Amino acid sequence: MGEPSGAGRIEHVDVVVIGAGQAGLSAGHHLQRTDLDFVVLDAEDAPGGAWQHRWESLRMGTVNGIFGLPGFPTPPLDDAEPSRSAVPRYFADFEDDRKLPIRRPVRVSRVEEAAEGRLRVHADAGVWVTRAVINATGTWNNPVLPQYPGTESFAGRQMHTRDYVSAEEHAGHRVAVVGGGISAVQLLTEISRHATTFWYTRREPVFREEGFRPEVEGRETIERVTAAAEAGLPTQSIVSYTGLVWSAEAREAAARGALDRRPMFTGIEPHGVREADGTLTTVDTILWATGFRPSLEHLAPLNLTNEQGGIAVRGTEVRADPRIHLIGFGPSQSTVGANRAGRAAVGALKRRLAGSPQSLHRV
Ligand code: FAD
């Protein structure tokens, strides 16, 4: 675990897994049960995927629920512990137990065609030539930052969810929170206890009065997201399918008026935002809780993106290039989905590679 490759080295493997979050670890677990030669490349310094970067106040009691890694039940977890320490510790234990061939920190910069139908994976620590890639790079490194007129003129602070540290740092400030998802509601709930907040969304947020039943609404959501991914549509936020759920904290915030939503502002000025009704609201900070998109820039040389801006898949396999599997993508963007997708990708590659010439060997 954690052994970096020497820069300039070229290795040959059957499968390169890019990313060692929940999805990449699941793929690694299932690959270990085949005779395929593989490596997992991860850009982080330590285990935990994107969880190690979540904000301090996202605790085990406030996450949506973490599904265990394959064959490795989660230990009893303290609801009060930040997920940024509890989940990475659990991932580290899994890695120690499984002895997966994970190299870190290794950041993949591009994947391109190589000779004889192989792929060449370029990273800061070397080059891997492979028969297939399982891409498990998540979304954390690709925050969505919408552009509004006057963005550059703003004299205050602009930040994205991924930069958020704590509500206390906003104490006494006026903060515009933009976005209609779960993160926006959670951040508004806590920042509004310390600051004056204003909530902006493009559409009226939809809160579900009844709970979210995994076996009913969960299944329907997965079916709809799967259909969109198979049709090659660009990925949408999960909340656009599920709506928001009333947590106890959200109800409490709504009762204080902290979830009174305003329509999206029309522009940004040095000291505030221009409201849809033409008035100016002064703010110190604009917090863009506007979500993330899949981190797939390194696959650009393979031209997988269609004219709609999406990548069509069949299960986890990219339709345009069956050597590439995307996991933690589309319907598998959850801990349970990531687990299943890792297994599915390995199953499909095992069948596909079995008929091909023997594995290449390391040089
Ligand atoms: P990640 O955990 O993001 O792992 C991707 C890995 O790939 C990282 O280690 C990254 O460094 C690496 N990587 C990226 N690019 C490269 C590259 N070019 N080269 C090498 N390595 C690279 N899901 C749930 O089921 N329950 C929840 O409670 C929940 N809460 C969430 C809260 C937030 C704020 C967010 C943003 C998401 C949440 N999710 C939740 C969804 C969550 O993202 C997934 O469940 C899951 O953790 C994602 O795992 P992953 O392996 O796909 O990605």
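Condition test on T335, is it surrounded by fewer than 16 Cβ atoms within 10 Å (Cβ to Cβ) and among the hydroxyl-bearing types (S, T, Y)?
So T335 fails the test.
Can you work out which of the residues in region 316-342 that are in a loop (DSSP other than H, G, I, E, B) and in contact with a helix residue (DSSP H, G or I) (Cβ under 6 Å, 6 or more places away or on another chain) is nearest to the ligand (Cβ to nearest atom)?
G328
Pairs, please: C-beta under 8 Å, at least 6 apart or cross-chain, first residue over 24 Å from V178 (Cβ atoms) and in contact (Cβ under 8 Å) with a residue 12 or more places away in the chain and in region 292-312, second in a loop (DSSP other than H, G, I, E, B) and among the charged types (D, E, K, R)?
So the pair list comes out as A312/R319.
Which of (1) surrounded by fewer than 19 Cβ atoms within 10 Å (Cβ to Cβ); (2) under 16 Å from I18 (Cβ atoms); (3) touching a helix residue (DSSP H, G or I) at 6+ places or on another chain (Cβ under 9 Å) is the odd one out, the single condition S85 does not satisfy?
The failed condition is (2).
Quick one: which of T266, T235, T282, T242 is touching a residue at least 60 places away in the same chain (Cβ under 8 Å), within 16 Å of the ligand (Cβ to nearest atom) and more than 21 Å from R110 (Cα to Cα)?
Going through T266, T235, T282, T242 in turn, just one is touching a residue at least 60 places away in the same chain (Cβ under 8 Å), within 16 Å of the ligand (Cβ to nearest atom) and more than 21 Å from R110 (Cα to Cα): T235.
Would you point out the residue of region 144-166, among those that are assigned to a loop (DSSP other than H, G, I, E, B) and polar (S, T, N, Q), that is least open to solvent (accessible area, probe 1.4 Å)?
Only one residue tops the list, namely S166.
Please verify whether Y200 is open to solvent by less than 70 Å² (accessible area, probe 1.4 Å) and either assigned to a strand (DSSP E or B) or polar (S, T, N, Q) (or both), treating the condition exactly as stated.
When the stated conditions are applied, Y200 passes them.
Only residues that are more than 9 Å from the ligand (Cβ to nearest atom) and either among the β-branched types (V, I, T) or not in a loop (DSSP other than H, G, I, E, B) (or both): list them for region 56-90, please.
R59, L69, F72, T74, P82, R84, S85, A86, P88, R89, Y90
How about region 1-26: which of its residues are more than 9 Å from the ligand (Cβ to nearest atom), at pLDDT 95 or above and not charged (D, E, K, R)?
Of everything in region 1-26, those that are more than 9 Å from the ligand (Cβ to nearest atom), at pLDDT 95 or above and not charged (D, E, K, R) turn out to be H12, V13, V15, V16, V17.
Considering only region 41-55, state which residues are part of a loop (DSSP other than H, G, I, E, B), on the phi < 0 side of the Ramachandran plot and either of a type in the set (D, E, K, R) or at pLDDT 95 or above (or both).
Passing the criteria: D42, A43, E44, D45, A46, P47, R54.
Could you tell me whether A354 is more than 23 Å from A20 (Cβ to Cβ) and in contact with a strand residue (DSSP E or B) (Cβ under 8 Å, 6 or more places away or on another chain)?
no
Test V111 against the criterion of being out of contact with any Phe, Trp or Tyr (no Cβ under 8 Å at 6 or more places or on another chain), near the ligand (Cβ under 10 Å from one of its atoms) and assigned to a loop (DSSP other than H, G, I, E, B), and give yes or no.
So V111 fails the test.
Kindly check whether there is at least one residue in region 28-46 that is more than 21 Å from S109 (Cα to Cα) and aromatic (F, W, Y).
No.
Answer with yes or no whether P294 is within 11 Å of the ligand (Cβ to nearest atom) and touching a Ser or Thr at 6+ places or on another chain (Cβ under 7 Å).
yes
Please tell me if A176 is within 16 Å of the ligand (Cβ to nearest atom) and open to solvent by less than 40 Å² (accessible area, probe 1.4 Å).
Against the criterion (within 16 Å of the ligand (Cβ to nearest atom) and open to solvent by less than 40 Å² (accessible area, probe 1.4 Å)), A176 does not qualify.
Which numbered condition in (1) within 16 Å of the ligand (Cβ to nearest atom); (2) open to solvent by less than 30 Å² (accessible area, probe 1.4 Å); (3) among the β-branched types (V, I, T); (4) within 30 Å of R343 (Cβ to Cβ) is the only one that V129 fails?
Going through (1) within 16 Å of the ligand (Cβ to nearest atom); (2) open to solvent by less than 30 Å² (accessible area, probe 1.4 Å); (3) among the β-branched types (V, I, T); (4) within 30 Å of R343 (Cβ to Cβ) one by one, V129 breaks only (1).
Go through E249, E169 for me and flag whichever is free of Cβ contacts under 8 Å to residues at least 12 places away in the same chain, closer than 20 Å to R54 by Cα and surrounded by fewer than 18 Cβ atoms within 10 Å (Cβ to Cβ).
Going through E249, E169 in turn, the sole match is E169.
In region 270-285, what residues are surrounded by 17 or more Cβ atoms within 10 Å (Cβ to Cβ) and in contact with a Ser or Thr (Cβ under 9 Å, 6 or more places away or on another chain)?
Within region 270-285, G272, V273, R274, E275, V283 qualify.
The values are calculated or read from the model by the stated rules, or taken from the named source; none is laboratory data. Remember, predicted model here, so these are calculated numbers, not experimental data. Neighbour counts are summed over all protein chains in view; Cβ atoms, including those assigned to glycine, are modelled from backbone coordinates with ideal geometry. Ligands, DNA and RNA are stripped out before the accessible areas are found, and what is left, the full protein with its side chains, is counted by its heavy atoms. Shrake-Rupley method; radii C 1.70, N 1.55, O 1.52, S 1.80 Å.
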